[in-house]
Amino acid sequence: MDLLLALVGERLKAATSVAVLTGAGVSAESGIPTFRGPGGLWKSYRPEELATPEAFRRDARLVWEWYDWRRQKIAQASPNPAHYALAALERLAPAFTLITQNIDGLHQKAGSERIVELHGCIWRLRCEADGTVRENREVPLSILPPRCPCGSLLRPDVVWFGEPLSSEAQAGAFAAAESADVFLTVGTSAVVQPAASLPLVAKRRGAFVVEINPFSTPLTPSVDASLQGRAGSILPEILSLLPKV
């Protein structure tokens, strides 16, 4: 592990462009239940039964009760050492993009700025009628389901099952992967597309690809360095090998 850490540190020192993909494992270290883990269950529903446009059309209040519960859980969470290490890495790299599948806003809270939110953000609401997006951090929400000033229903500004990613977010993520000298994939299962293809795109373009995860994933055989463990421990170790800002 020490040799691999040193190798990753050397690659990052030499890199002019760094891209990072983060998944639910990073948020889990802050106490936020993973989407597919046992903590993801709510009442007797599976998340896949609630995070869909069809579920929202069928029972908007039920869907919003779940999202309001999630917002309350996230509001109690704080960034962990992995979040802060990535924010520090952003300040070191000449070009840096943090691509996240997480919707909790903890990267921003830790100080990250150059972020592509692939799956949206739970702290933004979007009007069903005209698409207007507004930030809302009221916890708990006073009205369920919330409504736009125009009278239409508001929905979470997140990507649901069966919906495409924002074309802008997807383009930004792939552009970052294609230009990266070093690509880190952190705390992700490497099964959700199109995010799972980003490290492979980076590798085909010549990037040094690093996976940080407690367990092996379908991506593990393809990476240049696999560091198994908690992101909150490994990322600060890597950071300690880099020049201080």
Search result, residues across the range 129-155 that are crowded, with 17+ Cβ neighbours inside 10 Å and either basic (Lys, Arg) or not assigned by TED's automatic domain parsing to the domain that holds Trp69 (or both) | Arg155
Residue satisfying all of: in the range 60-97; within 14 Å of Ser112 (Cβ to Cβ) and among the polar types (S, T, N, Q); farthest from the chain's Cα centre (by Cα) among these | Asn80
Mind checking which residues of the range 212-236 are out of contact with any helix residue (DSSP H, G or I) (no Cβ under 6 Å at 6 or more places or on another chain) and within 16 Å of Ala85 (Cβ to Cβ)?
-> Asn213, Gly229, Arg230, Ser233, Ile234
Looking only at the range 81-92, decide whether some residue is surrounded by fewer than 18 Cβ atoms within 10 Å (Cβ to Cβ), of a type outside the set (A, V, I, L, M, F, W, C) and assigned to a loop (DSSP other than H, G, I, E, B).
-> no
Count - residues of the range 202-236 that are surrounded by fewer than 17 Cβ atoms within 10 Å (Cβ to Cβ) and either aliphatic (A, V, I, L, M) or not assigned by TED's automatic domain parsing to the domain that holds Lys13 (or both) = 0
The range 159-245: helices (runs of 4 or more DSSP H) wholly inside it with 1 or more residues that are in contact with a Ser or Thr (Cβ under 6 Å, 6 or more places away or on another chain) are 167-179, 198-204
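The values are calculated or read from the model by the stated rules, or taken from the named source; none is laboratory data. Only a predicted model underlies this, so the values are computations on that prediction, with no experimental measurement involved. Reconstructed Cβ throughout: ideal geometry from the backbone, glycine too, with neighbour counts over all protein chains shown.
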